[in-house]
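Just so you know, all these numbers are worked out from the coordinates, no wet-lab data involved. Just so you know, these numbers come straight off a predicted model, no measurement behind them. For neighbour counting, all protein chains shown are included, and Cβ atoms are generated from backbone atoms with ideal geometry for every residue, glycine included.
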Amino acid sequence: MTWGAVSGSRVPANRNLGENNHLEQASMNYFVTGATGFIGKRLVAKLLGRPGSIVHILVRTGELPRLPELHAYWGGDESRVIPIVGDLTQPGLGVAKADLRKLQGKIEHFFHLAAIYDLKASADDQQSANVDGTRNTVRLAEAIDARHFHLVSSIASAGLYEGLFREDMFEEAENLDNPYFRTKHESEGIVRKECKVPWRIFRPAIVVGDSRSGEMDKIDGPYYFFKLIQKMRRILPSWMPTIGIEGGRINVVPVDFVVAALDHIAHLEGRDGQCFHLTDPAPMRVGDLLNTFARAAHAPEMGLRVNAALLGFIPGSVRQAMFALTPVRRVRKAVMKDLGLPDDILDFVNYPTRFDCRETQRALQGTGIAVPPLDSYAWRLWDYWERHLDPDLFIDRSLRGQVTGKVVLVSGGASGIGKATLRKMAAAGAIAVTIDRDAQTLESTRSEFAADGLRLITHVVDLADPEQCAAFVKNLTDEHGGVDILVNNAGRSIRRGIENSFDRFHDFERTMELNYFGALRLTMGLLPAMIARRKGHVINISSIGVLTNAPRFSAYVASKAAMDAWARCAASEFADRGIEFTTINMPLVKTPMIAPTRLYDQVPTLSPEEAADLVVEAIIHQPVRIATRLGVFGALLHSLTPKLAQITMNTAFRMFPDSRAAAHKEQEPAQQSADQVAFSQIMRGIHF
């Protein structure tokens, strides 16, 4: 669990309290370490709410530029917040002697919040900040004769204690192997055993955002699961139950409760030498907590939950051996990275400790300070996270951010999808390159781009010719070092039923020669440079027909299916080389390729620009496949109920005729029947 840490370097001693001796004028003086952190800055604001109070804050040199912003947050009165430059890791916090003299005997309450609250931090860093830093802080509090010392610790100081951990328990902590747990426990021990100033210890639970505004400053605790919840919301409707996990009780409290409770208890008389759990007296189990956030996000809830405790029945040696296997380890790492979860987060799902907080409740009795129900403010936390902390917000998802200065090769760019795609690439700052066998159309396209202020590099190449393809690859590699993104778009389509193809075997050969072997030659030629750079992206423009097994397109679909299968194999081989493969199962697009089929003039199709948008999506998000819902449904239908799928496609096959050229007829029907119109609307984008 993470909060900010305060550390830094010492600066010259002339950096002191200022000309006026504010200490003499204040009715209450405070010293706060970690004042710029998530909890600390709110505590400072709370303390400033007490009339006449002055707060001295430990800051690093690098934090000084932040002070104007913090003063604005605290209300703008710089005379009441006095920076003391120092370093948590230095003896006496590295505070200058002049500052020590001015602080001597004046501080009523010394709050120590500065620490590393991060399960992912190194053991050495945590030892230095949490243990050594606490000892240095205690020595400073003693040196200036502070009247009260308040340590803001953590429930982590209990370790992974099995059962109920009371506020008067300390030595009973167990399972402290984790460096974070161990250093939080040791820092408490320093205060308990070494501090000569009357002390109080506060153990907050996992601190989340403000229950009133949702404000939070980092991804922490339950926030790690927000990306998973968001992904589920995008995939499934909110009413659909899902399978999830169950585990121990996770204690979560909002930061405003922690600050209010800390402020109140610190000022009570007769509470020295006590420890207070700033926890929820009725914590939720993991499954209930995640479902609360799922409801807040309008995402599907976990209707069936598998208890993580079941893993306890698996011998530790077996689990260790299983996760030592390279495939298992890599898959686990990839899944955790995709979901934004720390590698060890699942170790804490079955959290075994519950925390008694009766002393805290007694101290807060009658104040109205209490932990609000999570479901009353979960929506605020979710809303703030999605607007301010979602990691996707900090990723450049623009096309320009992905292709500026990069070499993007789109084959078959003289017209149609290729031309529309290249226009988007060139406009976004890419080095746009294309090949086509039609020199005249290619030159016309280049001139059109130039007239619009766009640069397009063109080469006349017939991909069906191995020598031309090899020469082009060599030229491109010599001139640009290869390509960053390859879009295999060039293709040939033949719409002819098999019955009309018995004497046209060459249709299958020439379609395969371009759509499969041509694309393969180009890809294989450019892959070595991608391998050397350990980076590249190959996008194959396939067809929805591969998913729906479109009749009348057996030559075309077979050639595209071959490239799809090759790409799947290649993706498995190069998954660790930084090379991505994306297949776009493109629906029917109104391009010159389908112009000979007059029937398509009357059916709904995508425009080349809409098709190019799918290529842009592929470049930005790098998915394995892009397909329409209808295409995915068709593939699912063929997998689950192949006979039903065949009947459906056969109905379409008999409903729509071959072209007049394919069927050797004089003309095609001038007008579609009602059945044809209805079917083409329902099956928009499918080849028939």
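With a cut-off of 20 Å on the backbone N, the residues of segment 66-98 near the modelled label site 7 Å out from Glu142 along Cα-Cβ are 87-97.
Note: relative contact order over segment 129-264, using C-alpha pairs below 8 Å and six or more positions apart, is 28 percent. Each eigenvalue of the Cα gyration tensor of segment 22-392, multiplied by 5 and square-rooted, gives one semi-axis; in descending order these are 37, 23, 20 Å. The residues neighbouring Ala430, those whose beta-carbon lies less than 13 Å from its own, together hold a net charge of +4 under the Lys/Arg +1, Asp/Glu -1 convention.
Neighbour counting of Cβ atoms within 10 Å sorts the residues Lys106, Lys535, Lys193, Lys41, fewest neighbours leading, into Lys193, Lys535, Lys106, Lys41. When Leu47, Leu58 are arranged by Cβ crowding within 10 Å, least crowded first, meaning fewest neighbours, the order is Leu47, Leu58. For the pairs Lys41/Lys97; Lys406/Lys560; Lys218/Lys424, note any where the Cα-Cα span goes beyond 30 Å. In this structure, Lys218/Lys424 exceed 30 Å between Cα atoms. Annotation: the residues Ile190, Ile155, sorted from fewest to most other C-beta atoms within 10 Å of their own C-beta, follow the order Ile190, Ile155. Each peptide in 181-189, 60-68 gets a packing score, the mean of other Cβ atoms within 10 Å over its residues, and the list from highest to lowest is 181-189, 60-68.
Could you tell me how far the Cα centroid of segment 43-69 sits from the Cα centroid of segment 180-194, in Å? A separation of 26 Å, based on Cα centres. The slack between Gln622 and Asn175, meaning 0.36 nm per residue of separation minus the straight C-alpha distance, is 156.7 nm. Computed packing ranks the peptides 418-429, 238-249 as 418-429, 238-249, most packed first, by mean other Cβ atoms within 10 Å. If the segment from Glu610 to Ala439 were pulled out straight at 0.36 nm per residue, it would be longer than the present Cα-Cα gap by 59.0 nm. Between Asp272 and Arg358, how high is the FRET efficiency from 1/(1 + (r/R0)^6) when r is the Cβ-Cβ distance and R₀ = 22 Å? Nearest 0.05. In this case the efficiency is close to 0.75.
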